[in-house]
Structure formats: C-alpha cells, structure tokens
Amino acid sequence: MSELQSVYSFFTIIRNLQILFMKTHQSVRSRRCNQASISFCVPHQFANYIVKMLDIANTILVGLLLLLLIVFLNENFLKARKNLAPGPLCFPFLGNLIQIAWINSKEPHLAFSRLAEVYGNIFSFQMGSVYSVVINSFELMEEYLHKPEFSDRYFNAWLAERTWHKRLGIIFAKYPEPWHQLRRFSLRSLKDFGLGKRSRMHSNIHDELFDIVSELKRSVKETNGIHSFDDYFTVSALNVVWSLLAGRRYEHSDPTLLRLTKMFKDSLESCNFGNSLPFAFPEWRNWFPDWTGMSTQRRCAKETNTFFQEFVDKRKMLGVYKIRPENLVDEFLYEIDKQMEELGADDENVFTEQQLIIVMSDFFIAGSETTSNTLAWCILHLLRNPKVQEKLQNEIDSLVPKETLLDVEHESKLHYVRATLAETHRMASIFPMMVPRAVTKDTFCGKFLIPKGTYVIGNLHAIHHERSYWKDPDNFRPERFLDESGKFRSDPRLKPFGFGKRACLGEPIAAMTLIHYLATLMQNFTFLPVPSQPLPTLSPIIGVTSAPRKFQALVKCR
Ligand code: HEM
C-alpha cells in the first residue's frame, strides 16, 4: 500500500473513531445529566477534551494528505514540464518500487523492458528516494555511456558501509579523479605482472586447469559421473586474477577462501534490486539491519577487509616492494610511500592502505563471480544443446592434439569456441543492469534532462535480447557469431563488458581465461543431462550478477 493510501486509511479510522466517540458521549450525557447533579458531569469534560484532540488530529491529517497530494502531483505531472524522462505514476515515499516488484521482482531488468514498451527507451522511475533513469536501447547506450558526464558511478551511504564510509576502490571510484589515477595504475600493474606477458598468463591459467581437470576426473569416479555445479569455478577463476594481484593462488578447497567467496556471494545476492531496500532508503540499514541484509553485508565487509589487511601487512613486513615489486599489491605499497614522500600524510592522498584494501576487494568480487558464472552458464547451455557441444569437441579435436594445452596460436583459430562464448555472454548477460552509473552534471539523454547525480541503469539484458535484432533471442545459437566461412564474427551489439571509459577493466583476463577453460573442458569431458532429471532451469538468481541456480550434470571423461 502506498504512503498516500496508508494516511488516507488512518484518517478514515480517526474520523470514524471521533464519530463513534461523539455518539456514545452524547447518549451517555443525555441519560445521566437528566438524572443527576452537575458534579456528576465532570467525566463529560474529559470526553469533550478527547473530542477536541481528535479534531486537532483530524486537521493535521488533512494537512498531511494535502501535502502528499502536492508531492504526488509535483512528481508526476510537473515531470513533463521539467523536461524529465517519462515514467510510471510515482507514489510519494516508495516511488515505483511496488510497481516494479509487481511486474517482476526476481528479474527487475525484465520489468524495465516491459516499462520501456510503454514509456520508451529512456524512462525514469523513483527507486524510493533515488531518482533513476533506465536506458534500454543499444543506440542510446552507445551514444551516451561513452560521454564523460555519464562516466561516474552511483554511490550512497549504504555502499559506503563496505569502505569505512569513504568512497574508495576502483569500481565505485569518483569520475574523473581519483578513478583516472586508479584505473591507469591498475592497467599498468596488470600488464607488468602478467597481461603483458602472455606466456605468464597462460602458465597461471594452465596451473588452474590442471587442478580443475584432475579434480573433476576424481569427482566423476567417486560419484558415478553425477557432478553438482555450485560455484564450482569460483576459486579457480579467482586464482587467475589473484596471481596477478597478489602473486599467489589458493587450493580449491582452502577453507578460508571458500568461506570468503561464499560470504561475498551471499552479500552480492542480497544486493538484488527487489530485496535491497537499503539502496533505495539508505537510512533503513541502521533501523532494520537484519531485515535489510545489512548485518550480513557488514560482517562480510569486516571479515574480508581483515583478510586483505593481513595480506598487506605480510607484504609490508617482507619489504620487497621497496626494491623489486612482485605484484600489484607491492606496486601499490610502493606508490603509497612515494606519495607520502611527495605530498606528506594528507586526507586527499589517493594511494592509501585503505584504498589498497578496497581495490583488492573490488578485484576479488570482479574476479570471482563474473568469469565463474559465465563458465557455469556455458556448461548449462551445453547440457541443453548437445549438438553445440559436439561441434565444439570436433573443432578442438581437429586443432589441439589430445593431452596438449592451448597456446596463443590456437586462441584465434578456435572460431566455434569463441562463438559459443559470445553466445553465452549474450544469453547470460552476467550484469543484466550493468554496474550503476551516475551523471556528473545536469545533462541530456535524447531530449530529456538528466539531473546531476541521477542513478543511470543500462539495461544490457534488453539489448542482448532485442527480438528485432537477434530474431530468436531465446535460442542458444553460437552460429549467429559466425560468418559464411565459419569464422568468428564479433557483433557490435554484444556488450557484456559495458561501454566507454568505465567498461570492464578485466575483459582481456576474462576473455583469455574463458577460452582456455572451455576448450580444455571440452577436450576432456562431455556434459550431459542427468537421466530421469528435468533439464536444469535457465531461470537465474539475480543479485549484482546473474548466476545460474545450482545444477547437476552427468559428466563423462573423454
Ligand atoms: C565474464 C567476465 C566479466 C564480465 C562480463 C564483466 C563485466 C563488467 C561490466 C559490465 C562492468 C561495468 C562496465 C560499465 O560500467 O560500462 C565491469 C566493470 C569492471 N570490471 Fe568486469 N567483467 C568481467 C570480469 C572481470 C574480471 C576478471 C575483472 C578483474 C580482473 C574485472 C574487473 C572490473 C573492474 C575493476 C570494473 C570497474 C571498471 C571501472 O569502473 O573503471 N571484471 N565489468
């Protein structure tokens, strides 16, 4: 029920109470005052007092009602005059939360696509206290999300809970600074410690694949081939990133890491648009910490930040960062010292230890959930599309000899593998609503005014499922990414890594990891549906990312 309706109901109750009270009071008074002296009427004075109080309550409520009506009219009918993007009727206080939840609370990006059919490809809605704009078409995203004024991230007090109430890290870094410094630093470091040396990246990935293949073979033996895919690739995918960042990897069964990745996952899942009320009403997180999931998120932030801090302390104790930095963390520590020397201890310093911890946390989130979910989605689609799996295996068998790992040359020749990954990106749309953007100043999108600070959502799922372009968007069909001669053909409308300056920083890492993992898995295994079980569902779990639900496969070694 909206705020307006609640006030109205309250008002009606008070009014009815008042009428009831006056009627009872009059009938008692007429009966008793007729029989007794005036002193017997003292309780009637009290009753008069109550009636007066109810009158005052009435007046206040009428005032409140009028105020809400003005807010309602202002929000809805003055929008057009202010040149703001159109949108559904918006109620005071809750805005459009209920309508969106009503259309589709589990997959809000689908609700946005439905609303776009009514209000157009740029529409606005009120997410509680947050004014938001959804961009729903490829052309508009391509035109606007590249612009500097669309390159900030939306950030509020709730998100700041993870970062000691400051704006830290790279994912939510303020545009243009310190984002620019942090992005430049991260790209340079990732290049120095692996991305620039393909053979080193390959060797990191191959270490992981060796473990994944042998673990899966062992598990298949122990369970008659039935294997559960539930975050199966998370630690492994994280290791690929972590080896660049921290120069180390973890055992896939490492209990601390498994607990941390699970905590991150729970925390990210509790950030679903539908149940993430603190995003819409940041102040609620303190009033109802358990109900809003804030307690879980705080616990996760505390534990993970301590974990990263311990790692940083060890590197500081070791001290190699001063002479010959070995990884991104070392290089960051070096920058901290350098900045301290040049500028002294200043609150404005970009390179600080807290900043480093949140940068690590950002890479941890970005490195674990994304690539691993994409792989899990890919296996799920292969189960459902055995012909695609057969074509993949034929291509790999013809190019990569058995027992041989992929090298640089193979990467570009595996056209069907690349097409299958592209189709997985399209179907899965791991970030269905991108990562929150915000505008840095009052600006325009199309003919509509977007006020400074507006929360901007790019509906990536919508552009990846636009029927007029993809024709059969719900079918898993890698062939759409092949040309007539069977060569991989990228499509400009496939945008899993986002747009412009804020596009994914880890794209080359993710792309390389995915191609090696898929090819090696296809070399070694065939994934089939479990007989007598229904095919696993394509319905996702939507948090910050879109994850497949836990599923089982019958895995056969090749
Ligand atoms: C399949 C894998 C991945 C997908 C689909 C993906 C997708 C995305 C998307 C959509 C964004 C937001 C882009 C925008 O606002 O336009 C993003 C940002 C980002 N991603 Fe990824 N990502 C993946 C893997 C990774 C990996 C492995 C890393 C770490 C090495 C990473 C690091 C980041 C960072 C740091 C940002 C923030 C960039 C910024 O704000 O400047 N991502 N990613």
Taking 0.36 nm per residue of separation and subtracting the Cα-Cα distance, what length does fully extending residue 349 through residue 215 add?
43.7 nm
For region 386-483, run through the trypsin sites (Lys or Arg not before Pro) and keep only the ones in DSSP coil with at most 11 other Cβ atoms within 10 Å of their Cβ.
402, 441, 447, 471
Among DSSP beta bridges whose residues both lie in the chain, state the antiparallel percentage, nearest 5.
85
Where in the chain are the helices, taken as whole DSSP H runs, whose Cα atoms extend 30 angstrom or more along the long axis and whose Kyte-Doolittle mean reaches at least 1.0?
42-81
Sequence order, region 439-456: Karplus ³J(HN,Hα) from phi using 6.51 cos²θ - 1.76 cosθ + 1.60, θ = phi - 60°, Hz rounded, Gly and Pro as x, gives 9, 7, 7, 4, 8, 10, 10, x, 9, 9, 7, 10, x, 3, x, 4, 7, 10
Share of the chain's accessible area from carbon and sulfur, percent, 1.4 Å?
58
For residue 467 and residue 129, FRET efficiency with R0 = 41 Å and r from the beta-carbon atoms, rounded to 0.05?
0.75
Would you kindly state how much longer the chain becomes between residue 403 and residue 334 on full extension, computed as 0.36 nm times their sequence separation minus their alpha carbon distance, in nm to one decimal?
20.6 nm
R0 of 25 Å, Cβ-Cβ distance residue 69-residue 102: FRET efficiency to nearest 0.05:
0.65
Using only the heavy atoms of the protein chains and a 1.4 Å probe, how would 520, 404 rank by accessible area, largest first?
404, 520
Label-point separation (nm) for residue 266 and residue 59, each offset 7 Å from Cα along Cα-to-Cβ?
5.3
The extension gain from residue 320 to residue 341, computed as 0.36 nm times the residue separation minus the Cα-Cα distance, is 5.7 nm
Can you work out the FRET efficiency for the pair residue 197 and residue 114, with r the C-beta to C-beta distance and R0 = 45 Å, to the nearest 0.05?
0.40
How large is Rg/Rh for the chain, to two decimals, with Cα atoms and a Kirkwood Rh?
1.09
Can you give me the distance in nm between label points at residue 309 and residue 447, each placed 7 Å from the Cα along the Cα-to-Cβ direction?
5.5
Got a sec? What order do 149, 342 fall in by accessible area at 1.4 Å, biggest, i.e. largest, first?
342, 149
Helical mean residue ellipticity (222 nm; -39500 (n - 2.57) per DSSP H run of 4+; nearest 500) of the chain:
-18000 deg cm²/dmol
Treat each spin label as a single point 7 Å out from the Cα along the C-beta direction, and report the residue 93 to residue 160 distance in nm.
2.6
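The values are calculated or read from the model by the stated rules, or taken from the named source; none is laboratory data. Source: prediction; values computed, not measured. Every residue, glycine among them, receives a Cβ derived from its backbone with ideal geometry; neighbour counts consider all protein chains shown. Ligands, DNA and RNA are excluded from the accessible area calculation, which covers all protein heavy atoms including side chains. Shrake-Rupley method; radii C 1.70, N 1.55, O 1.52, S 1.80 Å.
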